[in-house]
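The structure under discussion appears below in the form of structure tokens.
The values are calculated or read from the model by the stated rules, or taken from the named source; none is laboratory data. Since the model is a prediction, treat every value here as computed from it, not as a measurement. Cβ atoms come from the backbone with ideal geometry, glycine included; neighbour counts cover every protein chain shown. Keep in mind that these areas ignore ligands, DNA and RNA; they rest on the heavy atoms of the full protein, side chains included. Shrake-Rupley method; radii C 1.70, N 1.55, O 1.52, S 1.80 Å.
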Amino acid sequence: MRLVMNEPVERMDRPYARRWWALLVLCLSLLIIVMANTALTVAAPDMTRDLGLSSADLQWVIDGYTVPYAALMLLLGAIGDKYSRRGALVLGLVVFGGGAVLGYLADSAATVIAARAIMGVGAALIMPATLSLLAATFPRAERAKAITLWTATAGLAIAAGPLVAGALLAHHGWSSTFLINVPIAAVAIVGAFVLVPPSRAAHHERIDYVGGLLSVVWIGSLVYMIIEGPHFGWGVKAVTAAVVAGLGLVLFVAWELRHPRPVLDVRRFAHRRFAGSNLAVALFFLAVFGAFYYLTQHLQFVLGYDALETGVRMLPLAGAVFVGSALTGYLTPRIGMKITVTAGMVGGTASLALLTRVGSGSSYGDFVLPLVVLGLAIGLALSPCTDAIMGAFPESELGVGGAVNDTSLELGGSLGIALLGSLLANSYSSHLTDATAGSGLPANALTTAQDSVGAGYAVAQGIGDRARQVAEQAAHAQNAQQAAQLKAQADQLAHGARQMADAVGSSFADAVAHTSLVGAVILGVGTVLVGVLLPRRGRPAEAGEQAEDRELEGAGTR
């Protein structure tokens, strides 16, 4: 293992003494960039009311973070390898914190979207740097354990985001969910300088900027298409993005195959272990992010929990991730990653299958088992995949390795939110139409309610408010006949409000069950593919791992 200390390159005969403290800093950096998305799902209702966001505005508030995050990681990971991985981490934390300050000060949809985009650029620097620094700091014998803790932190962040946001929203506005990132980023910056050793590739040739820019084009266009098409229709923008993504991918692959020093050697995807691990990460986060998207909505809107209560009720997921991570740390060295990863994906599929039982009468208790199973599955499957992906890259390309892992994660998560979110919206709208057929409710109210579950309950509340106003008028009516008419009207409106609320709740529950079924089928098919791709235990290591071992041995680090 080579770490850059006071000299450009210093060979170390012993592992870095404070490596576990360094891992704490890396995990803290990871925590805030994952929480930036999961916390927003809880803060979104308050933000929507305060800024008057349309559904399109809200979608881009969420995804304005994702596009630069996913698109830039590969190029920025390569730059970090060449110049300074710790420098990339610190710069990313500064940019991320600056975006968070802008988000705190924002008073319009455009400003919030811009702030989220800046945070996405910061995250694109931070995410691959955390993995590359981890791999450079820990000897191979300890790397799997360190990656397991890194993965467990990501799982914790998924559940902790709503909890932290809920606690803040109990006493502060939605902007506080941005500001909380600033002190955490500041602590991580100080920790990076004090505890994380400087690191860069010992030998790194000129960066393949053409390949890097092509990766930005095709990945950015692909993510944009994934977001735009399902939510806003397959118009000119989405189709153009699809064409650019396809053409950009072809050019990227052709360029990388011919370039003597590619930013990413695409031949690695011919290795079953590498390809299967990336596919597993993408599919798993498709399911996790998609399920998380609609589970938080169900807890808040249908079951009526506030932001903090929602966060607390996601904690079984976080606890189960840690248990699953401990299990995979024990099992994977003994039975091989093929079994643990496949078992984890089977567990993820089972958790989505359990959610197909959700109905109008479901309580929180019906969600506990799926959350626990999903958490166990995350902990069991993801760290072996990340370890395999990072192990496929030599020391000089650890940043690129981290970027590949994280790009698979982001592409899967984006696709999960877009695909399952769009399916959820269509299913909810269709079920609501059926549930309110012949109800006599105003057509404009039904149209508004079909937009989202939040809009549906807002319509029901509006009808209920109108019923109370009419009832108050009836109480002050000047004659009995007028009072009777107004009371009858108030009763009719109150009945309509209850009918609308019941229809919205049952329709969304049915949509959750239907969407979970589709998610389970997707992940189930993916589980079979991953099981076929991953090699059996005992097969020779990937070429990248062998190359790295030779490089490390040549440096005198073993």
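Would you kindly derive the ³J(HN,Hα) couplings of segment 139-146 from the backbone phi angles with the Karplus curve 6.51 cos²θ - 1.76 cosθ + 1.60 (θ = phi - 60°), listing them in order in whole Hz, with x for Gly and Pro?
Those phi angles translate into x, 4, 4, 9, 5, 4, 5, 5 Hz.
Can you pull the one-decimal nm distance between simple spin-label points at residue 303 and residue 323, each 7 Å off the Cα toward Cβ?
1.7
Apply the a/c threshold of 1.5 to the C-alpha gyration tensor of segment 166-213 and tell me whether it is rounded, prolate or oblate.
Values: a/c = 6.21, a/b = 2.01, b/c = 3.10.
Oblate shape, in that a/c is at least 1.5 and b/c is the bigger or equal ratio.
Check the straight Cα-Cα distances from residue 145 and name the lysines below 19 Å, setting aside those fewer than 8 residues away within the same chain.
Straight-line reach from residue 145, under 19 Å: 338.
Using square roots of five times the C-alpha gyration tensor eigenvalues, list the equivalent-ellipsoid semi-axes of segment 167-286 in whole Å, biggest first. The partial results should precede the final answer.
Details: eigenvalues 214, 147, 46 Å².
They are 33, 27, 15 Å, listed largest first.
If I model a spin label at residue 251 and residue 366 as a point 7 Å from the Cα along the Cα→Cβ vector, what separation in nanometres do I get?
For residue 251 paired with residue 366, the spin-label model returns 5.0 nm.
Work through the residues other than residue 491 whose Cβ is under 13 Å from its Cβ and net out their charges, Lys, Arg +1 and Asp, Glu -1.
Working: positive: 466, 468, 487, 498; negative: none.
Result for the neighbourhood of residue 491: +4.
If R0 is 41 Å, what FRET efficiency do you get for residue 239 and residue 272 from their C-beta distance, rounded to 0.05?
0.75
Hey, what do the phi angles of segment 367-384 turn into as Karplus ³J(HN,Hα) couplings, whole Hz, using 6.51/-1.76/1.60 and θ = phi - 60°, x for Gly and Pro?
Working through the residues one at a time gives 9, 5, 4, x, 5, 5, 4, 5, x, 4, 5, 4, x, 6, 9, 7, 5, x Hz.
So for each of 345-351, 491-497 I average, over its residues, the number of other beta carbons within 10 Å; can you give me the resulting order with the highest mean first?
Values: 345-351: 24.0, 491-497: 17.3.
Per-residue mean Cβ counts within 10 Å order the peptides as 345-351, 491-497.
As a test of the formula, what do you get for the chain when each DSSP H run with n ≥ 4 contributes -39,500 (n - 2.57) and the sum is divided by the residue count, at 222 nm and rounded to the nearest 500 deg cm²/dmol? Spell out each step's value before the answer.
On the way: 20 runs with 439 residues, N = 558.
Rounded to the nearest 500, the figure is -27500 deg cm²/dmol.
When the label point is put 7 Å from the Cα of residue 171 along its Cα-to-beta-carbon vector, which residues of segment 30-70 have a backbone N closer than 19 Å?
Residues 43 qualify, since their backbone N sits under 19 Å from the label point.
Which whole-number percent gives the relative contact order of segment 428-511, counting Cα pairs below 8 Å spaced six or more residues apart? Walk me through the intermediate numbers first.
Numbers: 94 pairs, mean separation 33.7, N = 84.
Contact order relative to length: 40 percent.
If only Cα atoms are counted, what is the Rg of segment 264-363, and what is its Dmax, in Å?
17.0, 52
Between residue 489 and residue 331, with labels modelled 7 Å along Cα→Cβ, what's the label distance in nm to one decimal, could you check?
So the two model labels end up 6.5 nm from each other.
Quick one, what does Rg over Rh come out to for segment 394-537 if you take C-alpha atoms and the Kirkwood Rh?
Numbers: Rg = 24.8 Å, Rh = 18.9 Å.
That ratio equals 1.31.
Which order do the peptides 148-158, 234-244, 393-403 take when ranked by the mean count of other beta-carbon atoms within 10 Å per residue, highest first?
Details: 148-158: 23.3, 234-244: 14.3, 393-403: 26.9.
Those peptides, ordered most packed to least, come out 393-403, 148-158, 234-244.
By accessible area of protein heavy atoms, probe 1.4 Å, what ranking do 267, 273, 206, 466 get, highest first? Show your work: numbers first, answer last.
Working: 267 120, 273 55, 206 185, 466 100 Å².
Descending order: 206, 267, 466, 273.
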